[in-house]
1. Considering each residue of the range 355-386, count those that are outside any helix (DSSP H, G or I) and of a type in the set (A, V, I, L, M, F, W, C), and give that number.
2. Among L43, L85, L91, which is the only one that is among the aliphatic types (A, V, I, L, M), touching a residue at least 40 places away in the same chain (Cβ under 8 Å), surrounded by fewer than 21 Cβ atoms within 10 Å (Cβ to Cβ) and within 26 Å of E183 (Cα to Cα)?
3. Select from the range 281-299 the residues that are at positive phi and out of contact with any helix residue (DSSP H, G or I) (no Cβ under 8 Å at 6 or more places or on another chain) and list them in ascending order.
4. Being outside the structural domain of A316 (by TED's automatic domain parsing) and farther than 24 Å from E487 by Cβ: is that true of V411 here?
5. Can you name every residue in the range 262-282 that is over 16 Å from G313 (Cβ atoms) and either at pLDDT 95 or above or assigned by TED's automatic domain parsing to the domain that holds Q144 (or both)?
6. Which residue, of T429, T392, is out of contact with any Asp or Glu (no Cβ under 8 Å at 6 or more places or on another chain) and either hydrophobic (A, V, I, L, M, F, W, C) or touching a residue at least 12 places away in the same chain (Cβ under 8 Å) (or both)?
7. Please work out which one of (1) buried (at least 20 other Cβ atoms within 10 Å of the Cβ); (2) outside any helix (DSSP H, G or I) is the condition G188 fails and give its number.
8. Can you tell me which condition S314 does not meet? The list is (1) surrounded by fewer than 20 Cβ atoms within 10 Å (Cβ to Cβ); (2) in a helix (DSSP H, G or I); (3) modelled with pLDDT of 95 or more, and all the others hold.
Amino acid sequence: MLVAKNITKKFSGVIALHNVSLELYPGEVNAIVGENGAGKSTLMKVLSGVHTQYDGDIFFYGEKVRFGSAKDAERAGIAIIHQELNLVPQLTIAENIFLGRELVSTWGTLDKTQMRHQTKKLLQRVNLEMSPDTVIAALKVGQQQLVEIAKALYTNAEVIIMDEPTSAITDKEVDNLFTIIDELKAEGKIVVYISHKLKELFLKADRYTVLRDGATIASGKMKDIGQEELIEKMAGRKVVIEKNVSDVIYNDPLLEVKNVYLKNKENAGSHLVNNASFTLHKGEILGLYGLMGAGRTELIETIFGLHPKRSSGSIAVEGEQKKIRTPARAIASGIMLVPEDRKLQGLCLDLGVRPNISITVLKQLEDGGLFLNRKRESDLTTGYIKQLNIKTASQETLSKKLSGGNQQKIVIAKWLAKNPKVLLLDEPTRGIDVGAKSEIYKLIKELAATGVGIVVVSSEIPEILALANRVLVMCEGEIAASMPIAEASEAAMLTHAIHKN
């Protein structure tokens with residue numbers, strides 16, 4: 001077993017972990033739960049050799065260990081799938097999987113044939129139909145996450161730490177991951193599982209440890225605790241998320257999308273989006289669901305003007321036809337996109353909260369078109385920090401130092417400053433804890449109440465059911481179903497997501 005005793009970790013004097021202790025058992029799924037900022041990822045980085053400076057002790061099968069690097073931990077048999085994807089975008093899948101552990105031929109050269117062969121087997125195991133030669137930058141976030149899982153499986157480690165492994169993959173891929181976890185359990189491996197998706201924890205976890213504010217709050221067997229009690233231990237308060245119940249009929253068209261196509265750049269004869277049409281009304285929250293590869297992200301990216309050379313179709317805003325061939329034209333039309341990967345596409349991580357929020361309205365904050373009015377910029381930032389309850393030490397705190405939920409609020413705030421008519425949200429709560437998730441749900445509903453039309457793309461059916469007034473289901477690039485929330489259910493949505501009519 002893997003045992004941690006009295007682990008304390010500080011960053012610049014700030015205590016991230018305080019006397020944390022836990023025991024991880026072989027042949028079991030050990031869930032580590034807690035809100036963002038609770039210390040889960042920090043603890044896992046200590047266990048896996050990423051953080052080497054800390055107080056306390058780690059014992060691996062009775063032997064006291066202290067790793068000098070992640071490589072040391074990997075050699076000892078501990079592998080980690082990081083929440084923040086740890087891949088090199090410019091390299092291929094095979095090159096990423098074997099980076100730092102390349103196979104060499106008898107002649108001393110790289111054995112690329114064997115590495116490609118091994119990669120193919122790993123990709124088949126995680127059910128990712130991609131060539132080993134595909135460059136990582138060409139993959140969606142969910143596909144990259146599957147590569148991370150394949151990368152960890154290659155090490156054949158005794159301890160596999162999965163930090164939010166399903167945050168960007170759909171139910172179908174989750175089922176495949178669960179099969180892999182079952183195999184690892186049967187082999188007697190120690191599986192450490194971190195997830196904000198409580199349904200997954202109650203399905204697969206054998207034990208739990210709750211962290212809150214860097215300290216151990218509780219631990220035990222999963223079968224001995226209920227969901228409400230677990231959430232209360234995580235948050236230190238009661239948190240309730242219920243299914244949306246709406247009988248409102250929306251009659252004021254806002255965004256009209258007709259016959260939108262998006263060609264597949266990998267295969268000119270096929271389409272990633274195939275003849276998609278729908279109408280979004282003022283004040284309506286439209287849920288967009290589908291399995292990985294269904295075309296959800298591609299559809300809203302096309303609406304936002306990201307793929308002008310490969311797309312066709314018509315888009316109208318408030319009855320006026322718009323020729324949206326760039327994101328700038330989409331923004332000018334009142335359409336804003338909160339992207340799936342907030343860190344790569346939504347934020348300037350090395351800038352503070354203030355410049356990240358004000359970046360969309362710098363012209364409006366200028367004095368005479370020459371200088372930025374710092375007071376107006378600061379007032380704007382202060383207003384959104386309060387309105388969205390962004391937890392930050394100051395306006396100048398670097399965005400990369402904030403939790404996922406607060407980062408997401410910053411991305412939303414920068415678009416709210418533009419007074420959007422249409423807000424496209426792609427996986428708005430990916431990697432966000434249940435408390436922050438409920439705050440973002442509340443914010444989305446408040447925005448809709450002001451007349452903003454909102455499209456929510458999500459891999460989580462409960463999220464769609466909690467937010468949407470109406471649901472669209474995509475399958476193989478087509479809109480396979482449209483249903484009011486009263487008729488939407490997990491069974492109905494999955495049926496349409498798997499089988500086109």
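1. Total meeting the criteria: 4.
2. L85
3. G293, G295
4. yes
5. Residues satisfying the conditions are H281, K282.
6. It is T392.
7. All conditions pass for G188, except number (1).
8. Of everything listed in (1) surrounded by fewer than 20 Cβ atoms within 10 Å (Cβ to Cβ); (2) in a helix (DSSP H, G or I); (3) modelled with pLDDT of 95 or more, S314 misses just condition (2).
The values are calculated or read from the model by the stated rules, or taken from the named source; none is laboratory data. Source: prediction; values computed, not measured. Glycine gets a Cβ as well: all are built from the backbone with ideal geometry, and neighbour counts include every protein chain shown.
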